[in-house]
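Worksheet: the structure to be examined is printed underneath.
The values are calculated or read from the model by the stated rules, or taken from the named source; none is laboratory data. The structure displayed is predicted, hence computed values, not measured ones. Every residue, glycine among them, receives a Cβ derived from its backbone with ideal geometry; neighbour counts consider all protein chains shown.
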Amino acid sequence: MPLNIHIQNDSAQTLTEQICQQVELSIAAANLTPNEALPSVRQLSVQLKVNPNTVARAYQQLVHKGSLRSERGKGVFVAECRAKFSASETSTRLQTAAQRFVADTRHLALSKDALLDAISTVLGDK
Amino acid sequence: MREYSIQTHYLAKAYDTKVALYPCDIAFHYNRIYALVGRNGSGKSTLVKLLAEVEAPTKGSITFPSNYRVGLVQSDIGYPNQIALLEIENLFSTCTNHWCKERFNHVLNIFNLSHNQQFGALSTGQKAGVKIAVMLAQKPTIWLLDEATLGIDLLAQGQALTALLEYFGEDKPCVLYCTHNVNEVEQLADEVLVMQRGRVIWQGEKDQLHAQHPSLSEGLLDLFQLDSELPNIEAA
């Protein structure tokens, strides 16, 4: 199945950011599973009609973040989730991400339950 | 250091007393797409024609790497109306060494064109497709596209991007792409060069320009509105 990414021109986000975010969302929603291969840089470049250097930069950033791993000569794959931060660092990062989520959804004026529901839906009630 | 593709040295062009390009030193590299933007008459086409060596500079010079081949697409230059695409194919395959028939056919396919069609009977978008096919089939290392997609419909624009990106990924050439289309700048460019009244007034990474503004088009508009306050150095 081709990777489902839609780029939007003239948005506030650069195309690199849009690709990174949508690959991460696909991973979070389990549309992409650990060890699954991503399309090659050239394939995705033609599919999205964007410069292959932009696709390569997005992949590099995701490899750097630990969402993807690259194997020389083989391509780029979804990384296994593994704890690589100390307990305190993990808790700091979780808190920051939670604060960002709450701040981003504040203007929607939703109940606490609606927000928690949205998170469990994304997680697929695992 | 990346291998350079083209370097201009104090390159300038004047037509009679009118300066079209003020002296400039610019380096262009392989595996990069440079979007050349600016208002009409800002000097983009002059720069492209000098790099394609179809016009001689008034001053300065250009250094090319070894084994370079230039491919040029200009919006206002095509083929005779009576010529069929098969004849274009035959003509180029006998007079150029690097002609790749498969590529020519593949790009014609992308544009849904067939060999027996006559150039004059094609739509603007299809004509652009033929010109892009001829350029790509010559396997150039330097692609110069001067408003290659001017006036063509959305479908043909998409077909042009597909063809160009497919072979850009394969050949990793140095590409100069003149356009007025912000979407093309966003989807194609690594770097942006903004020209105004014969000068390159801004050159930098596209993502950097985007990051400093609410959107890429606003960044470009900002640069377009900059008034050129450089001293007037006439190319004698």
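A few notes on this one:
- Within the range B:183-220, tally of residues that are within 14 Å of another protein chain (Cβ to nearest Cβ) and assigned to a loop (DSSP other than H, G, I, E, B): 6
- For the residues B:Leu108, B:Leu91, B:Leu144, B:Leu72, the requirement of being out of contact with any Gly (no Cβ under 8 Å at 6 or more places or on another chain), at negative phi and modelled with pLDDT of 95 or more singles out B:Leu72.
- Lone qualifier among A:Glu36, A:Glu89 - being among the charged types (D, E, K, R) and more than 16 Å from the chain's Cα centre (by Cα): A:Glu89
- Residue match in the range B:187-195 (condition: without any contact (Cβ under 8 Å) to a residue 40 or more places away in the chain, in contact with a Ser or Thr (Cβ under 9 Å, 6 or more places away or on another chain) and farther than 19 Å from B:Leu72 by Cβ): yes
- Selected residue (only one of A:Val23, A:Val63, A:Val55, A:Val76 is under 30 Å from B:Tyr34 (Cα atoms), within 14 Å of another protein chain (Cβ to nearest Cβ) and either surrounded by 15 or more Cβ atoms within 10 Å (Cβ to Cβ) or within 12 Å of the chain's Cα centre (by Cα) (or both)): A:Val55
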